[in-house]
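One structure below.
The values are calculated or read from the model by the stated rules, or taken from the named source; none is laboratory data. Keep in mind that this is a model prediction, so the values were computed, not measured. Please note: Cβ atoms are built from the backbone with ideal geometry, for glycine as well, and neighbour counts cover all protein chains shown.
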Amino acid sequence: MSEHHIAHSVLCVSTPQANAFLTERDEVLRKKKTVALARLLNSFTAELCRIYPERFSWLAIMPLPHVEDSITELKRMFGMVGKQPVGVGVLTNHEGMYPGDETFDPLWEYLQERSAKTGSDGREVVFVHPTEPIMKLDDGRLINSRPSPLRSGLGEFYFETARAISSLTASSTFLKFPSLHFRISHGAGAFPDISERFLLGFPNISTAAREAYKTRFWYDSAGPVWPNQVKGLTEGMGIPVSQMVFGTDYPYGIGFWDVDANIDGLAWAGELRFEEKEKVFWGNAKELWRGKIAVLDGMGE
């Protein structure tokens, strides 16, 4: 952050979050471990943000797919004295269940109701990050269903992101819970390439979906996204630059993709004016987190 002049970061424990025990055959034990790890990771991140409040905010993770336990964990986190989470983070799938699955509806309903009670600008932010595709077999085993021998970061994560957005759309989750704003990784992954064909299957909600993609979905630059991939969003889906935010993918981007390249791709994007680049680097994030992160509200233009 210091090397790249980043004043404030919103942290979210990334893949695999609390789903680190997929090879555990005992489902009861696997659930206990998942619930415990979610609490441990949240407690660690909360303490980090308590120590460095000017530098960090954070998103709570959950022991999904265990919805009631997840709501309990969120109530504990949102009830903390001091540095509370500014939103929640989920994976593209949790033990093979995607975010539009009706099993998750009580969780989204809890967040919807919370947004009304807290008056937090009428929105709750849900950060969606890809993970390995998982299939649950009839005997209860969880297996990696990645079809390619290549590591997932080179492509499968983009398909996972497309599946997650498709799931949220097909289930009308974005319509049922209008206070939810979805913060999507990696420039929406492969979804821009399939969006038009996908929406042919849902003519009754396609207009509403296109509007939601332009107003309640926010897309980060972790990729590489700029200056080429982003055209699937801007030119293909008509997403305005106002919905683009900066993301580092740290630490996963380190090792096979340079953070400087991420910054340079946006900084030298010829189709953007200087003012638009400033919006993507930090101005749009200030709008996304308005009323939730005091240090951002206090920053000047």
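Please count how many residues of the stretch 1-34 are in contact with a strand residue (DSSP E or B) (Cβ under 8 Å, 6 or more places away or on another chain) and of a type in the set (Gly, Ala, Ser).
2
Of the residues that sit in the stretch 136-174 and are among the basic types (Lys, Arg) and farther than 27 Å from VAL28 by Cα, which one is modelled with the highest pLDDT?
Among those residues, the one meeting the criterion is ARG163.
Out of THR72, THR103, THR131, THR92, I need the residue that is modelled with pLDDT of 95 or more, in contact with a Lys or Arg (Cβ under 8 Å, 6 or more places away or on another chain) and of a type in the set (Ser, Thr, Tyr). Which one? Lay out the reasoning, then the answer.
Working: THR72 fails: in contact with a Lys or Arg (Cβ under 8 Å, 6 or more places away or on another chain); THR103 fails: in contact with a Lys or Arg (Cβ under 8 Å, 6 or more places away or on another chain); THR131 fails: in contact with a Lys or Arg (Cβ under 8 Å, 6 or more places away or on another chain).
From the options THR72, THR103, THR131, THR92, the qualifying one is THR92.
Can you go through ALA36, ALA7, ALA20 and tell me which one is surrounded by fewer than 17 Cβ atoms within 10 Å (Cβ to Cβ) and either touching a residue at least 60 places away in the same chain (Cβ under 8 Å) or touching a Cys at 6+ places or on another chain (Cβ under 7 Å) (or both)? Before the answer, list the steps.
Working: ALA36 fails: either touching a residue at least 60 places away in the same chain (Cβ under 8 Å) or touching a Cys at 6+ places or on another chain (Cβ under 7 Å) (or both); ALA20 fails: either touching a residue at least 60 places away in the same chain (Cβ under 8 Å) or touching a Cys at 6+ places or on another chain (Cβ under 7 Å) (or both).
The conditions single out ALA7.
Residue by residue through the stretch 171-195, note down the ones that are of a type in the set (D, E, K, R) and either more than 24 Å from GLY122 (Cβ to Cβ) or surrounded by fewer than 18 Cβ atoms within 10 Å (Cβ to Cβ) (or both).
Across the stretch 171-195, the qualifying residues are LYS176, ASP193.
Select from the stretch 103-157 the residues that are in a loop (DSSP other than H, G, I, E, B), surrounded by 13 or more Cβ atoms within 10 Å (Cβ to Cβ) and of a type in the set (Ser, Thr, Tyr) and list them in ascending order.
SER120, THR131, SER145, listed by residue number.
Could you tell me whether the stretch 160-180 includes any residue that is closer than 30 Å to GLN84 by Cβ, in contact with a Pro (Cβ under 9 Å, 6 or more places away or on another chain) and acidic (Asp, Glu)?
Yes, some residue in the stretch 160-180 is closer than 30 Å to GLN84 by Cβ, in contact with a Pro (Cβ under 9 Å, 6 or more places away or on another chain) and acidic (Asp, Glu).
Just checking, which of PHE202, PHE104, PHE182, PHE177 is out of contact with any Phe, Trp or Tyr (no Cβ under 6 Å at 6 or more places or on another chain), in contact (Cβ under 8 Å) with a residue 24 or more places away in the chain and more than 30 Å from ASP26 (Cβ to Cβ)?
PHE202
Just need a number here: residues in the stretch 249-290 that are in a loop (DSSP other than H, G, I, E, B), free of Cβ contacts under 8 Å to residues at least 40 places away in the same chain and buried (at least 18 other Cβ atoms within 10 Å of the Cβ).
2
Which of the residues that make up the stretch 39-71 are polar (S, T, N, Q) and either free of Cβ contacts under 8 Å to residues at least 60 places away in the same chain or assigned to a loop (DSSP other than H, G, I, E, B) (or both)?
Kept after step one, since they are polar (S, T, N, Q), are these residues of the stretch 39-71: 42-43, 45, 57, 70.
Result: ASN42, SER43, THR45, SER70.
Can ILE165 be described as surrounded by fewer than 18 Cβ atoms within 10 Å (Cβ to Cβ) and outside any loop (DSSP other than H, G, I, E, B)?
no
Name every residue in the stretch 72-97 that is touching a residue at least 40 places away in the same chain (Cβ under 8 Å), part of a loop (DSSP other than H, G, I, E, B) and of a type in the set (Gly, Ala, Ser), in order of residue number.
Matches in the stretch 72-97: GLY96 only.
Which one of ASN284, ASN204, ASN262 is touching a strand residue (DSSP E or B) at 6+ places or on another chain (Cβ under 9 Å) and among the polar types (S, T, N, Q)?
None of the others qualify; the one that does is ASN284.
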